[in-house]
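All remarks here apply to the structure that follows.
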Amino acid sequence: MIDSIHQPETVGHDSERENSLQAKISIPEDFEKILCDLRNPKFYLHNPTFKQLLRVPAEYVVDRTMAMYSNVNLMAALILSGVTSVSLTPVDVSSISADKRTLANCFNLLAELCMTINALNVMFTTYILLAIAAEMPSTIYTFLSKSEGLTFIYFFATFLSGILILVLGVLAQWLHGDAWAAWTATIATGAIFLTTVLHFGYTMSVLMPIQYSGWGFFASLNLFWGKEAKAEAARQGRIIASEAESHLHVKKDHREGVRDEKLDEVVADLTKLLHRALPEAAEERISHISQQMANEGLVVVVLANAARKDAKLIYQVLGGDDVNFELRRGERLAVINELLEHE
């Protein structure tokens, strides 16, 4: 009777264990290159979001990937709804004066092109969403590791469509407005476009430089890819790469820091140290920092001995530009204080 009561719970735990193992997948052979690219971001035309999503835990990665494509799908659908009527009721060229017929033909052709791009974008991103909804996290991780170039066209199509809408607006002014209004629209549209694009590029380079490394090509053509942006992108990339390693299977020769058989013990000691030093920190953050410190080869006993000899050195080690975790100044001091009391 007792066995029959406890059996379902055992089965449930086994099922959870199996699901956990399925979520921790074997990464494709080029995963080491992906991690290298994250840690050393370069400025070129690509979509860095795919690599960044590798850091997302298995229970969230499907929803996050669907949300990304849902945004593209929604944007394409909104543009399609606005441009369809323009494309299906083209300007009657015969009613336009001879000197403006070329503009009218360009207007009709661009409207048709814009409608076609977004109709196909909506259709195929919808199919991608349906496929993602049916997949397991293990498949999604493989998809993300390979799809940076394969599905980039759907993201580029939304940018191109936005440009076409602006051009259609300017052409409409030249077709139906006076010359002064057409020139004003042309200059104002160009100025607003350049200002907005440059502002977007600068904002991305400051707040999310690793995103700017891919999308900045559209925004400012490398204008804001300076020393500070490169350093911050590299710092963010190292954190993303380490977070990806923490919940995905990585071959032993790819893992940095202490040996795998010692890793759990080192992480447990670091977790206890961080709990004492940072009692108000969230459990998830403590777990992440201790895991990354272990991956960097940082061991409590070694840190404690080094802190007694040179606390300033440990302060620099815990806050260096090349570490995969982030401790604020006060937190570093609290950790050092705890290390000095460690026996």
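Across the chain, the relative contact order, built from alpha-carbon pairs under 8 Å that are at least six residues apart, equals 22 percent. Magnitude of the charge dipole for segment 68-183, about its Cα centre and with charges confined to Cβ atoms of Lys, Arg (+1) and Asp, Glu (-1), is about 80 debye. Here the Karplus relation 6.51 cos²θ - 1.76 cosθ + 1.60, evaluated at θ = phi - 60°, turns the backbone of segment 63-72 into coupling constants of 5, 5, 5, 5, 4, 5, 6, 5, 5, 5 Hz, with x for every Gly and Pro.
Using only side-chain charges placed at the Cβ, +1 for Lys and Arg and -1 for Asp and Glu, the dipole size of the chain relative to its Cα centre rounds to 1160 debye. For the options Cys114, Cys106, Cys36, a Gaussian network treatment of the chain with springs between C-alpha atoms closer than 10 Å singles out Cys106 as fluctuating the most.
Counting only Cβ charges, +1 for Lys and Arg and -1 for Asp and Glu, the dipole size of segment 42-113 around its Cα centre is about 360 debye.
Checking every one of the trypsin sites (Lys or Arg not before Pro) in segment 42-143 against DSSP loop status and a limit of 13 other Cβ atoms within 10 Å picks out Lys42.
Surface composition of the chain: carbon plus sulfur atoms hold 61% of the accessible area, using a 1.4 angstrom probe and ignoring ligands, DNA and RNA.
Residue by residue, segment 110-116 carries 3J(HN,Hα) couplings of 5, 5, 5, 4, 4, 5, 4 Hz when phi is fed to the Karplus relation 6.51 cos²θ - 1.76 cosθ + 1.60 (θ = phi - 60°); x denotes Gly or Pro. Where (i) -0.58, -0.69, -0.82; (ii) -0.79, -0.89, -0.99; (iii) -0.62, -0.76, -0.91 are the candidate values, the label of the one calculated here for log10 I(q)/I(0) by the Debye sum over Cα atoms at q = 0.10, 0.11, 0.12 Å⁻¹ is (ii). Site pair Trp180 and Asn105 shows an inter-label distance of 3.2 nm when each label is modelled 7 Å from Cα along Cα→Cβ. When the helices of the chain are scored as -39500 (n - 2.57) per DSSP H run of n ≥ 4 and the total is divided over every residue, the value at 222 nm lands at -25500 deg cm²/dmol.
The values are calculated or read from the model by the stated rules, or taken from the named source; none is laboratory data. Remember, predicted model here, so these are calculated numbers, not experimental data. Positions of Cβ are generated from backbone atoms using ideal geometry, with glycine treated the same way; all protein chains shown enter the neighbour counts. Areas reflect the complete protein model, heavy atoms only, side chains present, ligands, DNA and RNA absent. Shrake-Rupley method; radii C 1.70, N 1.55, O 1.52, S 1.80 Å.
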